Amino acid sequence: MVLVHGLWVDGSSWRLVARELLDRGHSVTCVQLPLSSLTDDVAVVRRAVAQFDGPVVLAGHSYGGAVISNASHGAEQVSALVYVAAVATRPGESAGAVLEGFAPSEGLGAVVADKQGYLTLDRERFAELFAGDVPPREAEVMAVSQGPAAPACLSEASGEVGWQQLPSWYVLCEQDRTVTPEAQRGIAERIGATVVSVPASHSVAVSQPHTVVDTIEKAVTATV
């Protein structure tokens, strides 16, 4: 498995999922995206996939869904895609444009830019909007560990995408205030994903890692 984080977090956001996958005997890589552009992030994931000899399942959280959509295109090793409260782009469409097609979320309204234009989520509102079901101190650590993202991550147009050829699963977070449940349903429907709904915040990989692991294993069982 290659696990791909989104905006406002880093690869450590997958640590509980990765631990359980390792306990179940799987090979896992949690990538660290530079968050400098979609192109750069896709290149990191493709390098991670190339490290494995056999089939690979890609899992992407939030913006990471746009990354795995692109990274999986033409990648013969990739057998399935798992989207976790994630964005899935069409060719020529940016991640930001996907979200603009739905009613705005509270979380996206709390994005702030630094003097160089790099984006983070307001630290004071991070817990309530991004990690409402995560222990408060853990959410605070997540808030101060954010890696600023270049605006290009959200504005760069997608290339060809793998979900048009590959089976997909979608973990839909019903209490999400960053990517609304309505947006998630629309995204999952248009890619034809098998949906697993869970009463969770945007940080489901931290608050309910078992659900995410079980969904990834369903993708493995069905395709490998």
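No value in this document is a laboratory result; all are computed from the given coordinates. In this text the structure is predicted, and so the values were computed from the model without any measurement. Quick reminder, even Gly has a Cβ in these numbers, built from the backbone with ideal geometry, and neighbours come from all protein chains shown.
Considering the stretch 173-220, what Rg and Dmax in Å follow from its alpha-carbon atoms?
Final numbers for Rg and Dmax: 10.8, 29 Å.
Hey, what D do you get for the stretch 107-198 in µm²/s if you plug the Kirkwood alpha-carbon radius into Stokes-Einstein at 4 °C and 1.567 mPa s?
In µm²/s, the coefficient rounds to 86.
By DSSP, what percent of the beta bridges with both residues in the chain are antiparallel, rounded to the nearest 5?
Of all bridge pairs located within the chain, approximately 15 percent are antiparallel.
If I require 24 Å or longer along the helix axis, counting alpha carbons, and a Kyte-Doolittle average no lower than -0.5, what helices from the chain are left? Use full DSSP H segments.
none
In which sequence would Phe126, Phe52 go, from the one with the fewest C-beta neighbours within 10 Å to the one with the most?
Lowest to highest Cβ neighbour count: Phe52, Phe126.
Only four residue types carry charge here, +1 at the Cβ of Lys and Arg and -1 at the Cβ of Asp and Glu. Report the dipole size of the stretch 2-223 about the Cα centre in Debye, rounded to the nearest 20.
For the stretch 2-223, the charge dipole is close to 220 debye.
Quick check on the stretch 42-125: of the DSSP beta bridges with both residues there, what percent are antiparallel, nearest 5%?
35
What 222 nm value per residue comes from the helices of the chain, counting each DSSP H run with n ≥ 4 as -39,500 (n - 2.57) and dividing by all residues, nearest 500 deg cm²/dmol?
-11000 deg cm²/dmol
In what order do Ile216, Ile68, Ile191 fall by count of nearby beta-carbon atoms within 10 Å, going from fewest to most?
Exposure proxy ranking, most exposed first: Ile191, Ile216, Ile68.
Could you compute the net charge surrounding Leu154? Neighbours are other residues with a C-beta less than 12 Å from the C-beta of Leu154; K and R count +1, D and E count -1.
-4
As an exercise, find the ratio Rg/Rh for the chain from alpha-carbon atoms, using the Kirkwood inverse-distance average for Rh.
Ratio of gyration radius to Kirkwood radius: 0.93.
Modelling each spin label as a point 7 Å along the Cα-to-Cβ direction, I'd like the Arg185/Val111 distance in nm, to one decimal.
Those two pseudo-labels are separated by 2.4 nm.
What spacing in nm lies between the two simple spin-label points modelled at Glu174 and Ser155, each 7 Å away from Cα in the Cβ direction?
About 3.8 nm separates the two model spin labels.
How high is the relative contact order of the stretch 1-78, in percent, with contacts defined as C-alpha pairs under 8 Å that are six or more residues apart?
39
Where does each of Ser168, Ser203, Ser94 land when they are ranked from fewest to most other beta-carbon atoms within 10 angstrom?
Final ranking by Cβ density, sparse to dense: Ser94, Ser168, Ser203.
With θ taken as phi - 60° and the coefficients 6.51, -1.76 and 1.60, list the Karplus ³J(HN,Hα) couplings across the stretch 28-35 in order, rounded to whole Hz; mark glycine and proline as x.
Once rounded to whole Hz, the list reads 9, 10, 9, 6, 10, 6, x, 6.
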